[in-house]
């Protein structure tokens, strides 16, 4: 009886993340910016949907857990849309390009450049949806929405201490990058959706701080006039600690750890469905005696034993 394993192994998944990070890190800067702009827009739409279900004052006072549950159920569609369309969040880049650098497929400079461009692209997309589509569009013009936005901005950027936002940022991108990692593990669409949905659900339920999601919520709170909340306060007391926390959560606790567990110490390239990454023409460290030349056309490493047999064939001899 044949058993079908409809998922990649953790080692194969980490290899796929390395390949994705290499591809993204070598993209043209203009394409990276457009991709990250679209990702910022998609996540802002998901934030707006989440905000729309959390407005009821009665539920806020008497059943806040129900409000959080509804938001956590709805929000993950944004990350599903981003990962399915191949657009770029800087927070996902913190994991993918870190693995590629550790795997010696991408330079640290290209990694940092990708982080820089995706951050500003995400910010531009988030602000576009917040100010133009939602703000001037009057989507949340009712007083109940204003009150909820002000309460949210206060809870996210004014009440907590700097270190608390940093630690919540670690937890946020740990879960979001785990969602991205699990999406690479699935071989078909619905497995990918399930892999994305539940870690993202957990991040929203726990009210952690995701720097790109906050690029919608907190500027919207500034837009409606939250007392004590300014652009300078947002940057110094919310954006910076959540950004640093997201780098640690995604880059260290997902990227570095999974690279260490599944790719560190390998003495040969890792194949996916019997195909090697095109750049892996030889093992990263050393070379096994039973491994032969790399065929650039097929992308497959030819065993030495096969090569010997081919060389003994009179038709192949010169």
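Quick one: which residue in 224, 212, 117 is surrounded by 15 or more Cβ atoms within 10 Å (Cβ to Cβ) and under 25 Å from residue 63 (Cβ atoms)? Reasoning before the result, please.
On the way: 212 fails: under 25 Å from residue 63 (Cβ atoms); 117 fails: under 25 Å from residue 63 (Cβ atoms).
Only one candidate passes the filter, namely 224.
Take residue 175 and decide whether it is farther than 16 Å from residue 42 by Cα, under 12 Å from the mean Cα position of the chain (by Cα), assigned to a helix (DSSP H, G or I) and in the same structural domain as residue 212 (by TED's automatic domain parsing).
Working: farther than 16 Å from residue 42 by Cα: yes; under 12 Å from the mean Cα position of the chain (by Cα): yes; assigned to a helix (DSSP H, G or I): yes; in the same structural domain as residue 212 (by TED's automatic domain parsing): yes.
So residue 175 passes the test.
Being over 17 Å from the mean Cα position of the chain (by Cα) and surrounded by fewer than 21 Cβ atoms within 10 Å (Cβ to Cβ) narrows it down to one residue among 55, 38; which is it? Don't jump to the end; show me each part of the working.
Numbers: 38 fails: over 17 Å from the mean Cα position of the chain (by Cα).
Result: 55 is the single residue among 55, 38 that is over 17 Å from the mean Cα position of the chain (by Cα) and surrounded by fewer than 21 Cβ atoms within 10 Å (Cβ to Cβ).
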Mind telling me which of the residues 166, 152 ends up being modelled with pLDDT under 95 and in contact with a helix residue (DSSP H, G or I) (Cβ under 8 Å, 6 or more places away or on another chain)? 152
For segment 53-85, give me the residue count where each residue is modelled with pLDDT under 95 and outside any helix (DSSP H, G or I). 5
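Just checking, which of 266, 209 is assigned to a loop (DSSP other than H, G, I, E, B), in contact (Cβ under 8 Å) with a residue 12 or more places away in the chain and closer than 20 Å to residue 46 by Cβ?
Values: 266 fails: closer than 20 Å to residue 46 by Cβ.
Going through 266, 209 in turn, just one is assigned to a loop (DSSP other than H, G, I, E, B), in contact (Cβ under 8 Å) with a residue 12 or more places away in the chain and closer than 20 Å to residue 46 by Cβ: 209.
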Counting only helices (runs of 4 or more DSSP H) entirely within segment 212-262, those with at least 3 residues that are farther than 30 Å from residue 103 by Cα are 231-234
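The values are calculated or read from the model by the stated rules, or taken from the named source; none is laboratory data. Source: prediction; values computed, not measured. Here Cβ is always computed from backbone atoms with ideal geometry, including for glycine, and neighbour counts include all displayed protein chains.
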